[in-house]
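**Student:** This is the structure I want to talk about, given as structure tokens.
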Amino acid sequence: VKKEGQVKSAEAMEKYIGNSQTMFTYQQKGKNYAESLDEINFFELFSGKVIMHLADKEMTVDETLDGLEARLKDLGFFRTHLNYLVNAFAIKEIIDHTIFTIDDQVVLISPELKKTFQQYYSSLMML
């Protein structure tokens with residue numbers, strides 16, 4: 001069962017890309033998996049591994065953050081920091097250089113990318 005914020009995220013993503021149930025396919029330890037894009041809050045590079053953060057779980061992904069950014073940039077994901085790629089539709093609040101997701105997870109925004117990210121985020125929210 002999705003929380004209210006997750007429902008709003010799915011609705012916004014559907015409006016933007018035409019289908020909130022678009023699946024993100026990935027590999028983990030050589031096996032193929034898929035998650036709905038609207039379930040993904042962000043990706044994080046931590047200790048050399050890429051971790052996908054969903055509302056209720058985290059898992060490693062056998063792909064680089066650069067590769068993920070190239071695949072997902074046209075689907076509402078933005079590189080906010082060297083170590084973070086965030087789903088703009090999963091954002092609840094932005095305070096200074098910190099993003100809070102709809103599930104109260106924390107993502108950082110680098111000072112160099114803050115203005116660009118704010119412009120990108122504002123343009124998405126006006127759709």
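The values are calculated or read from the model by the stated rules, or taken from the named source; none is laboratory data. What you are looking at is a predicted structure, and each value in this text was computed from that prediction instead of being measured. Note that we place each Cβ from the backbone using ideal geometry, even for glycine, and neighbour counts take in every protein chain shown. With ligands, DNA and RNA removed, areas are computed over all heavy atoms of the protein, side chains included. Shrake-Rupley method; radii C 1.70, N 1.55, O 1.52, S 1.80 Å.
**Student:** For His81, enumerate residues with amide H under 5 Å from its amide H, sequence gap 5+ or separate chain, H modeled in the peptide plane.
**Tutor:** Ser110
**Student:** Run the accessible area of the stretch 72-127 with a 1.4 Å probe and give the carbon-and-sulfur part as a rounded percent. Intermediate results must be reported in sequence, preceding the final value.
**Tutor:** Numbers: 1610 of 2880 Å².
The C+S portion of the solvent-accessible surface of the stretch 72-127 is 56 percent.
**Student:** Next question. Going through the cross-link list Lys57/Lys92; Lys31/Lys92; Lys31/Lys115, which pairs have a Cα-Cα distance over 30 Å in this structure? Let's see the in-between values first.
**Tutor:** On the way: Lys57/Lys92 18 Å; Lys31/Lys92 32 Å; Lys31/Lys115 38 Å.
Too far apart for the 30 Å limit: Lys31/Lys92; Lys31/Lys115.
**Student:** Could you report the accessible area of Asp56 in Å², rounded to 10, computed with a 1.4 Å probe on the protein chains as they sit in the structure?
**Tutor:** We get 130 Å² for Asp56.
**Student:** Taking every pair of alpha-carbon atoms in the stretch 43-127, give the share separated by more than 20 Å as a whole percent.
**Tutor:** In whole percent, the long-distance tail amounts to 27.
**Student:** Right, here's the next one. Enumerate by residue number the GluC sites (Glu not before Pro) in the stretch 13-117 meeting two conditions: DSSP loop (anything except H, G, I, E, B), and at most 10 other Cβ atoms within 10 Å of the site's Cβ.
**Tutor:** Filter output for the stretch 13-117: Glu112.
**Student:** Restricting attention to the stretch 17-109, which trypsin sites (Lys or Arg not before Pro) occupy a DSSP loop and are surrounded by at most 16 other Cβ atoms within 10 Å?
**Tutor:** Lys29, Lys57
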